[in-house]
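Participant: This structure is in structure tokens; I'll ask about it shortly.
The values are calculated or read from the model by the stated rules, or taken from the named source; none is laboratory data. Fair warning: this is a prediction, and the values are worked out from it, not measured in the lab. So basically every Cβ, Gly included, is an ideal-geometry build from the backbone, and we count neighbours across all protein chains shown. Note: areas computed on protein heavy atoms with side chains; ligands, DNA, RNA excluded. Shrake-Rupley method; radii C 1.70, N 1.55, O 1.52, S 1.80 Å.
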Amino acid sequence: MKFRKLFILLIMSLVLVACGKNGNDGAAKEEAATETSTAKKVGVVQIADHIALERSRSGFEEELKKTNPDVEIISKNANGDLTVVPSIIKSFQDKNVDLIYAIATPVAQGAKNGEKEIPIIFNAVTDPESADLLKNLEEPEGNITGVSDYFSISAQLEEMLNIFPDIKNVGVMFSTNEANSKFQVEELKKAAEGFGLNVVEVGVNNINDVSTSIKTIEPKIDIFMAITDNTVSSASSIIAESLKAAKIPSFASEEGPVENGILISAGVDYLDLGKKAAGMASEILGGKKVSEVPVLFSTETRKVVNKKTAEALGLADDEKLMEDAKVVE
């Protein structure tokens, strides 16, 4: 009889241990699920492949992982096709991302049009107001804020004239599909008047128009200015080769085109802009409202010169050109 009681007690003890173990396992699983659920998801979309946009993306992703090590980043590229942007934004919605990072004006506009609740950070947008992204730069009124790549065109013209004081006609190419680019061309024309310069402009619908279009303005210009236009940046190597053959110097608003053959840039650093955007994203992911995160404008610039282009134009020994410049091959 005693043996039977002991046997029953032993069985009950084993059952209680098993239940406790299962309970602990359940709690552990629940705790793990809670930890997993706190990891943030960020959707990244860029309009196309070129150096400036890649740097905007890599600077953002590297910096964001420093402050949010467990963040899941979902990167998408529209490859220059605006028709796919709505489906990319929809895929981010389906994955319940906590924030969208939109690189370049067209995708920032697409993100804003397609999503009204998820916070959106833009980058590589020159004039967010004329692009109709927001109206209040200090206290964004919707779900979108970001970093502008605006840099004074007047300051760029001053640098240009410091190196090339005898120029009179400045050539510029722009995408007819980008509000960002039209804004820059209008600003260039206004600023050029103050310096007694004439602007010769040509619009292109897509990258296939670039080669022919650059040749139509070469006989009319003394120098070419490459604005921060996605089509122009993507085709900067084509433009640079044509200008070198025509012995025309070229100037860019950022260093990406210089690495592709444009002579010189004195403008923004997109890697730095990406890092600044990551800082804004971290604030929002940490609980700040979009309205509490004002639009940022870059104040840091640097001068970059392409050595091979300088040699091809007979300018490798020009002191004003090379002064304080970072030189790339």
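Participant: For the range 174-329, what does the alpha-carbon gyration tensor say about shape, rounded, prolate or oblate, given a ≥ b ≥ c as the root eigenvalues, a/c under 1.5 as rounded, and a/b over b/c as prolate?
Facilitator: Verdict is prolate for the range 174-329.
Participant: For a label point 7 angstrom out from the Cα of SER237 toward its Cβ, which stretches of the range 307-328 have the backbone nitrogen within less than 18 Å?
Facilitator: Label zone hits: 307-310, 328.
Participant: A further question on this structure: Just to confirm, what accessible area per residue do you get for the range 85-234 at 1.4 Å probe, in whole Å²?
Facilitator: With all protein chains present, the range 85-234 gives 40 Å² per residue.
Participant: May I pose another question? Round to the nearest 0.05 the FRET efficiency obtained for LYS288 and LEU161 when R0 = 56 Å and r is the Cβ-Cβ distance.
Facilitator: E between LYS288 and LEU161, to the nearest 0.05, is 0.85.
Participant: Please compute the Kirkwood hydrodynamic radius over the range 139-210, one decimal place, Å, based on all pairs of different Cα atoms.
Facilitator: That comes to 14.0 Å for the range 139-210.
Participant: First compute the accessible area of the chain with a 1.4 Å probe, then give the percent of it belonging to carbon and sulfur atoms.
Facilitator: Carbon plus sulfur share of accessible area: 51 percent.
Participant: Rounded if a/c is under 1.5, else prolate if a/b beats b/c, else oblate: with a ≥ b ≥ c from the C-alpha gyration tensor eigenvalues square-rooted, which is the range 67-115?
Facilitator: Taking the square roots of the gyration eigenvalues as a ≥ b ≥ c, the range 67-115 is prolate.
Participant: Roughly what % antiparallel, to the nearest 5, for the DSSP beta bridges in the chain?
Facilitator: Just about 10 percent of them are antiparallel.
Participant: In addition: Based only on the alpha carbon positions, what is the Kirkwood hydrodynamic radius of the range 231-298, in angstrom?
Facilitator: Hydrodynamic radius (Kirkwood, Cα pairs) of the range 231-298 is 14.1 Å.
Participant: Below 8 Å between Cα atoms, with a sequence gap of 6+, how large is the relative contact order for the range 85-177 in percent?
Facilitator: 22 percent.
Participant: Expressed as a rounded percentage, what relative contact order does the chain have, with Cα pairs under 8 Å and six or more residues apart?
Facilitator: Dividing the mean separation by the residue count of the chain yields 18 percent.
Participant: Over the range 130-260, calculate the relative contact order: mean separation of alpha carbon pairs under 8 Å at least 6 apart, over the residue count, as a percent.
Facilitator: 24
Participant: Ignoring everything except DSSP H segments at least 4 long, calculate the 222 nm mean residue ellipticity for the chain; use -39,500 (n - 2.57) per segment, divide by total residues, nearest 500.
Facilitator: Result for the chain, helices only: -14500 deg cm²/dmol.
Participant: Would you mind working out the accessible area per residue for the range 237-307, using a 1.4 Å probe, and quoting it in Å²?
Facilitator: 35
Participant: Using P(r) over Cα pairs in 20 Å bins from 0, in percent as the read-out, say which of [x] 30, 45, 14, 7, 4, 1; [y] 32, 58, 10, 0; [z] 30, 55, 14, 1 was calculated from these coordinates.
Facilitator: [x]
Participant: Now for a different question. Helix 270-285: angle to the longest alpha-carbon principal axis of the chain, degrees 0 to 90, nearest 10?
Facilitator: 30
Participant: Additional query: What's the local net charge at LEU161, with K and R +1, D and E -1, over the other residues with C-beta under 13 Å away?
Facilitator: -2
Participant: Related question: Enter the accessible area of MET322 (Å², nearest 10), with the probe set to 1.4 Å and all protein chains included.
Facilitator: The accessible area of MET322 comes to roughly 50 Å².
Participant: Quick one: helix 153-163 against the long Cα principal axis of the chain, what's the angle to the nearest 10°, folded into 0 to 90?
Facilitator: 50
Participant: So what's the angle, to the nearest 10 degrees on a 0 to 90 scale, between helix 85-94 and the longest Cα principal axis of the chain?
Facilitator: Its long axis makes an angle of about 20 degrees.
Participant: Measuring from centroid to centroid over Cα atoms, what is the spacing of the range 151-228 and the range 315-329 in Å?
Facilitator: 22
Participant: Order the peptides 248-256, 126-134, 187-195 from the highest to the lowest mean number of other Cβ atoms within 10 Å of their residues.
Facilitator: Per-residue mean Cβ counts within 10 Å order the peptides as 248-256, 126-134, 187-195.
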